[in-house]
1. Calculate the spin-label point distance for SER45 paired with GLN10, positioning each point 7 Å from the Cα along the beta-carbon direction, and give it in nanometres.
2. At a Förster radius of 30 Å, what calculated FRET efficiency corresponds to the Cβ-Cβ distance of ASP63 and THR3, to the nearest 0.05?
3. Please give the charge dipole size of the chain, origin at the Cα centre, charges +1 on K and R Cβ atoms and -1 on D and E Cβ atoms. Round to the nearest 20 debye.
4. What nm distance separates the two modelled labels at GLU56 and LEU28, each placed 7 Å from Cα along Cα→Cβ?
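Every read-out reported here was derived from the displayed coordinates using simple, explicitly stated rules and does not represent laboratory data. Remember, it's a predicted structure, so these values are computed and weren't measured experimentally. As a convention, Cβ positions derive from the backbone with ideal geometry for all residues, glycine included, and neighbour counts pool all protein chains shown.
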Amino acid sequence: MPTIKTRSQQKNAFAGGSMEGSAELGVLFGCLSGVCGKCATTVLSGLNNLSAPTEEEKAMKLDANRRLMCQAKINKGTVKLDLD
Ligand code: FES
């Protein structure tokens with residue numbers, strides 16, 4: 001089962017499921033549609049376990065290790081976020 005981690009917490013996720021469960025780990029969400037950028041989060045490890053960046057993410061020109069948690073899907077393994 002895929003896992004979303006921070007430095008101090010973790011949460012199980014469904015393969016192919018959204019990262020919106022990361023709200024419980026401290027990610028802040030706004031629009032939920034890839035527009036506001038509020039959910040942009042640095043991924044410390046496991047970037048390859050996420051789906052490819054969406055057009056909304058590409059348009060935002062985020063650093064390569066930052067993803068929009070409302071857009072990314074977790075496919076497998078562990079994704080560690082830069083959160084306490
Ligand atoms: S919540 Fe607005 S971009 Fe993700």
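1. 1.0
2. With a Förster radius of 30 Å, E is 0.85.
3. Dipole about the Cα centre, nearest 20: 180 debye.
4. Distance between label points: 1.8 nm.
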